[in-house]
């Protein structure tokens, strides 16, 4: 079993399971989805990140005890990923680092799309010299906005703006883009490789899961 | 179609197709295997690398013209990978960089196994602070040696030596290890994640191939 940690608190099972559902469907692996307690608005600044860190470690430790052979911290900012690695012996994968290293495997100039104001530091550090620009689709404050026809057009326009600046790979810095299927929209419309953070974390986690149970 | 470049010349179809066969079997994608001309001993020093570089570029360009949507340079030293990226518009994946970035996704100390005297520079550079040690199985000069029971024991012993030094992930710096199935031997015997260079290049190449034809 892959243990997947959501860094926002939700009692809505559909929301809780949405990343794991994508990974199970794409890679045919079982995923146990759990969330940290008492943070319904997730991680949105330094204070809430500090608050979340020990909860992520505690949840990851419990998942290892419960038999998970790979743990995924399903957030583009990789919160507590390095910390959790010091507390468990199973592999720990972060959405932001997995997506960024996957972009480096391709080696072409990268444009990043997200909905927060800034690109997560872990992604910026890994992308390094391949990083060209970070962009937020205009007028889009959350992934619900992106689900409207206008939001979808804004996302395509943002990707086009990146491509005009010479990028050849798009990386998502927002796991919310995965749940609305934005990657396939951009792939179809623009014929460009898109690295979706949930797909990327799932690609490596499922590969490790399969090889460790051989 | 994925275009896979072998950097040694062979008329033996079984040898020519062995990396592509592994990738097709693991990831259910079509692979066209071709090799560079007039280098039956492959790349084994600076001179033969310089000789191979323009041949790799020419072959990659032809593969793109023939409709390959992803090109793989199937050698742990990533020969001409950066150069080829400047000459084609499709993604170019190198075995050494793909395996090394995959190790970085896991973020734990890495031991590398190979049969050449030194670790390829591209792998050393990417692994950076995660790199602990490079090891050659004792008395093993080529992958044929590894296929004997004694060679297999030497490979397991080399992996154990790495693990005693605190490594938690093994990366192969030799595509020949893939054709003899060494990764599964070490996974089974030692219960440790093993990043096989052909499996790693295939993981990213097949993901890109599938998303670009969606």
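Sorted by average packing, counted as other Cβ atoms within 10 angstrom per residue and highest first, what order do B:158-165, A:191-198 take? Before the final figure, lay out each step's value.
On the way: B:158-165: 16.5, A:191-198: 23.5.
Result, highest mean Cβ count within 10 Å first: A:191-198, B:158-165.
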Practice problem: Take each of the peptides A:40-50, B:128-138, B:168-178, average the number of other beta-carbon atoms within 10 Å over its residues, and list them starting from the highest. | Solution: B:168-178, B:128-138, A:40-50
Quiz item: Kirkwood hydrodynamic radius of region B:97-197 from all distinct Cα pairs, in Å?
Solution: 13.2
Quiz item: Taking Cα atoms, how many degrees apart are the long axis of helix A:197-212 and the longest axis of chain A, rounded to 10 and kept between 0 and 90?
Solution: 40
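Peptide B:201-211: average number of partner chain Cβ atoms within 10 Å per residue?
4
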Exercise. Using a 10 angstrom cutoff on alpha carbons, build the Gaussian network for chain B and name the most mobile of B:25, B:199, B:34.
Key: B:25
Quiz item: Helix A:46-65 versus the longest principal axis of chain A: what is the Cα-based angle in degrees, 0 to 90, to the nearest 10?
Solution: 50
Quiz prompt | Per-residue mean of C-beta atoms belonging to partner chains within 10 Å, peptide B:94-107 | solution = 6
Quiz prompt | chain B pair-distance distribution - Cα-Cα, 5 Å bins, rounded % | solution = 1, 8, 16, 20, 21, 16, 11, 5, 2, 0
Exercise. Can you pull the one-decimal nm distance between simple spin-label points at residue B:156 and residue B:133, each 7 Å off the Cα toward Cβ?
Key: 1.9
Practice problem: Considering Cα pairs under 8 angstrom that are at least six residues apart, work out the relative contact order of region A:68-212 and quote it in whole percent. | Solution: 29
Quiz prompt | For chain A, calculated [θ]222 nm from helices alone, where every DSSP H run of n ≥ 4 adds -39500 (n - 2.57) | solution = -14500 deg cm²/dmol
Quiz item: Which angle between 0 and 90 degrees, to the nearest 10, do you get for helix A:18-27 versus the longest principal axis of chain A when only C-alpha atoms count?
Solution: 90
Quiz item: Nearest beta-carbon of B to the rotation axis carrying it onto A: which residue, how many whole Å?
Solution: B:101, 2
Quiz prompt | Top of B:80, B:95, B:150 by mean-square fluctuation, Gaussian network on chain B, Cα under 10 Å | solution = B:150
Exercise. Sticking with the crude label model, points 7 Å out along Cα→Cβ, report the distance from residue B:13 to residue B:191 in nm, one decimal please.
Key: 4.4
Quiz prompt | Label point distance in nm, residue B:87-residue A:86, each placed 7 Å from Cα along Cα→Cβ | solution = 4.8
Practice problem: Take the alpha carbon gyration tensor of the protein assembly as shown, find the square roots of its eigenvalues, order them as a ≥ b ≥ c, and report rounded if a/c is under 1.5; if not, report prolate when a/b exceeds b/c, else oblate. | Solution: oblate
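Only the coordinates and a few stated rules stand behind these numbers; no lab work does. From a predicted model like this one, the values you see are computed outputs, not experimental measurements. Don't worry about glycine lacking a Cβ; one is built from the backbone with ideal geometry, like all the others, and counts go over all protein chains shown.
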